[in-house]
Amino acid sequence: MFIAVMRLSFFKRTLFWDVEIETLSIEKDWFFIIERVLEFGDIKDLKCLVLTFSKDQIQSVIKNSRILSPRTISFCNAIGYAS
C-alpha cells in the first residue's frame, strides 16, 4: 500500500482536484487515474504513468474512455499507445 500511495504522490495533486488523493487505489481506480493523467497531465506525469501502469491498461483507457478528447487520443496514437 505504501508503494501505491508513493506512486500516486508522483502525480500533481491538481490532477485530482475533486477527490482525496489518499483515498485512491492504484488497483481499484486505475481507469480513473489514467484518464486524468492522459487528459490533464504534463510530460512528467506521463512518464510516471508509464512506470506505474501497464501498456495494456493505458490502451484500454484510451479505447474505452468517454472523456478523453480527440486531441489526447491523437497524441496517444502519435506516441504509440493508441491501438
message: Can you pull out every residue in the range 18-32 that is surrounded by 12 or more Cβ atoms within 10 Å (Cβ to Cβ) and in a loop (DSSP other than H, G, I, E, B)?
response: 19, 24, 25, 26, 29
message: Quick check on the range 64-77. Is at least one of its residues aromatic (Phe, Trp, Tyr) and touching a helix residue (DSSP H, G or I) at 6+ places or on another chain (Cβ under 7 Å)?
response: no
Selection within the range 58-83 - in a helix (DSSP H, G or I) and not hydrophobic (A, V, I, L, M, F, W, C): 59, 60, 63, 64, 70, 71, 72, 74, 77
task: Pull up the range 33-74, narrow it to residues that are surrounded by 15 or more Cβ atoms within 10 Å (Cβ to Cβ) and free of Cβ contacts under 8 Å to residues at least 12 places away in the same chain, then point me to the one that is farthest from residue 8 (Cα to Cα).
output: 73
- prompt: Does any residue of the range 1-14 turn out to be modelled with pLDDT of 90 or more, in a helix (DSSP H, G or I) and on the phi < 0 side of the Ramachandran plot?
  reply: no
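The values are calculated or read from the model by the stated rules, or taken from the named source; none is laboratory data. Fair warning: this is a prediction, and the values are worked out from it, not measured in the lab. Methodologically, a virtual Cβ is constructed for each residue, glycine included, from the backbone with ideal geometry; neighbour enumeration extends over all protein chains shown.
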